[in-house]
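Encoded as structure tokens, the structure appears first; notes follow it.
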Amino acid sequence: MESEELEAAPLMGSREAADYLSALAKGLRRGEFGLTLGNRTIILAPQGKLGVVILAKRKKKKSSIDIQIAWSKPKPDPAA
């Protein structure tokens with residue numbers, strides 16, 4: 001499979017951001033979610049153990065939180 005990347009950085013209010021993150025959490029629970037930007041969509045299906053990294057920063061004029069979630073495609077079962 002070829003590599004795909006999609007990045008969106010819209011400005012939104014805190015309630016909209018919370019709704020966006022809630023929708024992402026629902027997709028993680030379902031085991032599949034899509035990200036759409038314009039006419040492009042990437043469907044992701046996390047499996048197995050997920051690596052979760054959360055980085056919070058607070059500076060004088062700007063604060064941020066970065067959330068990274070990563071997983072590897074499971075290896076095929078040789079017995080199958």
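Here are the numbers for this structure:
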| quantity | calculated |
| --- | --- |
| Accessible carbon and sulfur surface of region 3-80 relative to its total accessible area, %, 1.4 Å | 54 percent |
| Probe 1.4 Å, accessible area per residue of the chain, Å² | 96 Å² |
| For the chain: relative contact order, % (alpha-carbon pairs under 8 angstrom, 6 or more apart) | 21 percent |
| Count of lysine pairs in the chain with Cα separation under 23 Å (8 or more residues apart, or interchain) | 4 |
| Computed lengthening from residue 41 to residue 7, 0.36 nm per intervening residue step minus Cα-Cα distance | 11.2 nm |
| Residues residue 16 and residue 71, FRET efficiency given R0 of 30 Å [Cβ-Cβ distance, rounded to 0.05] | 0.70 |
| Reported label for calculated P(r) over Cα pairs in 5 Å bins from 0, in percent given (i) 3, 15, 26, 28, 16, 7, 3, 2, 0, 0; (ii) 3, 14, 20, 19, 15, 11, 8, 5, 4, 1, 0; (iii) 3, 10, 16, 24, 20, 12, 7, 4, 2, 1, 0, 0 | (iii) |
| Acute angle (nearest 10 degrees) that the helix 14-30 long axis makes with the longest principal axis of the chain, alpha-carbon atoms | 10 degrees |
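The values are calculated or read from the model by the stated rules, or taken from the named source; none is laboratory data. Every value quoted in this text rests on a predicted model; they were computed, and no experiment measured them. All Cβ positions, glycine included, derive from the backbone under ideal geometry; neighbour counts span all protein chains shown. Each accessible area value is taken on the protein alone, full model and side chains, heavy atoms only, with ligands, DNA and RNA left out. Shrake-Rupley method; radii C 1.70, N 1.55, O 1.52, S 1.80 Å.
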